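**Student:** The structure under discussion is supplied below as structure tokens; questions concerning it will follow.
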Amino acid sequence: IWQSFAANLCPRLRSHVANISLLRKSAEDARKDARLWANRSEGDDTVDVEFPLGESNCDDEPTMEEPTMAEHYQNYTALFRTLQNAVRNSDATKDSPVLQGLIRDLDRENPIEERRPFIQRHDDFYQQIRHRQHSVLSQCSVPSADDVQAAAKAQDLLHLQMLNEMEGVVQGGTTSIGNADIDDLLVRQCDADIPIPRHLETSQAQNPRMLVELGPVGGFTELGLQAASAYTLNGLQSMALQLICRFLDKYVDHPDSAGQNLQYVGGPGGTGKSRIVDALRNVFVARGQLHQLQVTGTSGSAAAQIGGTTFHSACGLDIHHSNDRREPPVFSEAKKWRWKQKLVLVIDEVSMLGGSTLFQANCRLQALRDCPDKPFGGIPVVLLMGDFYQFAPVLEKSLLVDQMMNPTYTTSSGQAAIAHHRGHNLWLMFKTVILLEEQVRARDDPQLGALLERVRAGTQTREDFDLLNTRLVDRSQITFKAGLRAITPLNRNRWALNMEALVDWARFHAKHISIFISTHTWRSRTFLQQELAQTIEQGDSSSCKIPGVFFYAQGMPVVVNKNTYTGLRVVNGAEFTAVDLIPDPNFPGHYLADDVTIHFGPPLGI
């Protein structure tokens with residue numbers, strides 16, 4: 001940029017620029033000479049040195065800049081080696097032209113070969129990028145570390161508020177988070193103190209009040225028919241909805257003798273199971289009783305897909321729960337009151353629900369509703385949804401499996417086996433079953449729908465195999481410029497693909513690339529460059545939450561891989577867009593290329 005403008009400057013300004021450059025160079029040479037003279041004088045006070053000598057007066061005592069610069073060199077070399085390994089050794093990015101292009105750019109500007117320091121970006125660098133890339137935060141000041149911490153706590157509170165709204169907490173016509181109890185906080189597994197706001201005590205006590213709404217209120221059956229029409233449900237979908245609505249009308253009229261409706265709705269993926277939940281929610285909204293509907297999913301993504309919360313969070317289950325723990329759960333009266341109002345409990349993706357977890361949830365619900373003699377605490381309607389051909393439970397057995405039928409297993413059965421057996425018996429109580437058959441998601445592609453059905457049933461043919469092979473694309477033709485998503489079973493391939501995808505996407509969209517190298521504390525200062533490179537190559541996984549290197553560009557697509565804020569739908573598998581970055585002033589950016597900046601530390605936030 002400077003060279004393009006320098007040619008158009010008038011001779012007088014070019015002369016000033018040359019003089020300033022000469023003065024700066026002269027000052028640097030003078031400081032080097034002064035340090036050299038000071039070392040050679042060996043205490044001779046006749047040497048008069050008036051130039052600043054930095055933080056140390058001799059080279060025998062290294063300054064703070066020297067080890068820092070050495071660490072920068074080591075981290076840069078490790079990053080360079082990481083990129084080279086991705087191009088040479090990774091199955092996912094072998095011979096990637098995108099990463100090879102980045103390597104060439106970094107090698108062209110390599111500061112290590114010239115033994116020169118990294119050029120630090122100026123303080124307003126990212127603010128200029130925001131203006132140039134039309135960021136929504138371009139008019140805002142850069143948040144400080146305290147601002148980021150405050151925002152994180154605000155997100156915690158909003159997350160709890162949204163969870164309460166999903167659970168239908170209604171107090172005086174408004175939704176409050178004042179009743180958020182310790183179960184919700186434990187789900188977040190947050191070490192920071194989250195202040196729960198309390199209602200201010202005023203001198204004037206609010207008198208009790210009653211709100212009366214006047215207008216026609218239809219029964220569940222009538223509203224169910226209207227919802228089925230509005231959501232264009234097919235015959236089996238409408239039947240599943242009407243079975244629930246008719247039972248609720250019966251329960252409202254005769255709550256003591258109606259019993260319970262334990263119902264299962266299954267079917268292949270794409271048959272419209274979630275549409276039934278949407279229609280059911282519409283019925284409760286029309287009656288003004290949304291707080292009496294509890295929608296949950298066995299995973300964060302499943303819960304977010306249907307606008308609910310996780311089954312573990314709703315029931316206060318600990319995902320690390322041990323079956324040998326015998327302490328009775330303690331719940332707040334507010335949470336017990338909320339659960340006693342529930343008419344319907346929906347559990348989506350039931351294939352991922354193990355028998356032991358279902359039994360533990362049953363015990364929790366019995367305690368929450370003070371009803372130990374009825375399944376699920378006597379909730380009138382419990383609706384299980386999902387396809388048992390899909391994902392199985394993690395570290396548990398499927399509800400369909402009765403382990404007690406295995407004699408070899410019965411002899412060594414422990415608490416976990418007993419809990420699973422009781423959960424399996426609960427599953428056998430679901431006598432009302434609807435299996436959806438009509439493919440809704442792939443209705444416009446009957447060939448794909450038929451293929452999916454055969455693969456699901458295990459009856460695929462050679463023709464199906466040949467058809468899939470016709471859709472294969474050569475690796476060299478795959479680009480991430482349009483935001484392509486890649487699925488891979490290996491974390492190591494994911495780390496390499498993330499680097500390629502970010503660079504490919506950012507340079508196609510003319511976005512600046514920021515590379516963050518994680519800080520690392522070594523138990524011993526003696527480590528090999530290869531060890532550092534292996535540390536940088538380590539990405540995020542279940543055992544290591546922080547990646548060694550992180551690539552960022554404004555506007556890049558992001559897929560979350562951890563349940564962070566269920567109430568805000570920031571859950572495993574959810575897709576978002578990275579709007580902006582908050583750099584840490586303790587780790588300033590350094591120039592690598594015109595469109596690449598490196599930070600030797602993590603950002604404050606994204």
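Every read-out reported here was derived from the displayed coordinates using simple, explicitly stated rules and does not represent laboratory data. Just so it is clear, the model here is predicted, and its values are computed rather than measured. Cβ coordinates were reconstructed from backbone atoms using ideal geometry, including for glycine residues, and neighbour counts include every protein chain displayed.
**Student:** Rounded, prolate or oblate: which one fits the range 473-606, using the alpha carbon gyration tensor with axes a ≥ b ≥ c (rounded when a/c is under 1.5, else prolate when a/b beats b/c, else oblate)?
**Tutor:** rounded
**Student:** Please report how far the C-alpha centroid of the range 222-257 lies from that of the range 491-546, rounded to the nearest whole angstrom.
**Tutor:** So the two Cα centres are separated by 53 Å.
**Student:** Exposure proxy check: His509, His590, His122 ranked by fewest other beta carbons within 10 Å?
**Tutor:** On the way: His509 15, His590 19, His122 10.
The fewest-first ordering by Cβ neighbours comes to His122, His509, His590.
**Student:** Quote the FRET efficiency, to the nearest 0.05, computed for Glu109 versus Leu137 with a Förster distance R0 of 25 Å and r equal to the Cβ-Cβ distance.
**Tutor:** Values: r = 29 Å, r/R0 = 1.15.
Result of the calculation: an efficiency of 0.30.
**Student:** Want the number for Ala482 to Ser274: 0.36 nm per residue separation, take away the alpha-carbon distance, what's left? Display every interim value, and only then the final one.
**Tutor:** Values: separation 208, 0.36 × 208 = 74.88 nm, distance 2.88 nm.
Separation in residues times 0.36 nm, less the Cα-Cα distance, equals 72.0 nm.
**Student:** Express in nm, to one decimal, how much length is gained between His122 and Thr564 on full extension, taking 0.36 nm for each residue of separation and deducting their alpha carbon distance. Each step should come with its number before you reach the end.
**Tutor:** Values: separation 442, 0.36 × 442 = 159.12 nm, distance 3.36 nm.
Between His122 and Thr564, full extension yields 155.8 nm more.
**Student:** Follow-up question, since we're still on this one. Using a basic spin-label model with each label point 7 Å from the Cα along Cα→Cβ, how many nm lie between Phe391 and Asn469?
**Tutor:** Placing both labels 7 Å beyond Cα along the Cβ direction yields 3.2 nm.
**Student:** Select from the range 459-559 those trypsin sites (Lys or Arg not before Pro) which occupy a DSSP coil region and have at most 14 other Cβ atoms within 10 Å, ordered by residue number.
**Tutor:** Details: sites: Arg462, Arg471, Arg475, Lys481, Arg485, Arg492, Arg494, Arg507, Lys511, Arg523, Arg525, Lys545; in loops: Arg471, Lys481, Arg485, Lys511, Arg523, Arg525, Lys545.
Those satisfying the criteria are Arg471, Lys481, Arg485, Arg523, Arg525, Lys545.
**Student:** Give me the distance in nm between label points sitting 7 Å out from Cα along the Cα-to-Cβ direction at Lys336 and Arg246, one decimal.
**Tutor:** 3.7 nm
**Student:** What order do you get for Thr488, Thr298 when you list them from fewest to most C-beta neighbours inside 10 Å? Present the calculation step by step, with values, prior to reporting the outcome.
**Tutor:** Values: Thr488 13, Thr298 24.
Starting with the residue having the fewest Cβ neighbours, the order is Thr488, Thr298.
**Student:** When Leu99, Leu451, Leu395 are ordered from fewest to most other Cβ atoms inside 10 Å of their Cβ, what list results?
**Tutor:** Working: Leu99 22, Leu451 18, Leu395 7.
Ascending Cβ contact count within 10 Å gives the list Leu395, Leu451, Leu99.
**Student:** Nearest 0.05, what FRET efficiency do Ala18 and Glu71 give at R0 = 45 Å with Cβ-Cβ as r?
**Tutor:** Details: r = 35 Å, r/R0 = 0.78.
Approximately 0.80, to the nearest 0.05.
**Student:** Too long at a 19 Å Cα-Cα cut-off: which of Lys340/Lys374; Lys250/Lys342; Lys481/Lys511; Lys374/Lys397; Lys374/Lys431? Numbers along the way, then the final one.
**Tutor:** Working: Lys340/Lys374 13 Å; Lys250/Lys342 16 Å; Lys481/Lys511 12 Å; Lys374/Lys397 24 Å; Lys374/Lys431 16 Å.
Result: Lys374/Lys397 exceed 19 Å.
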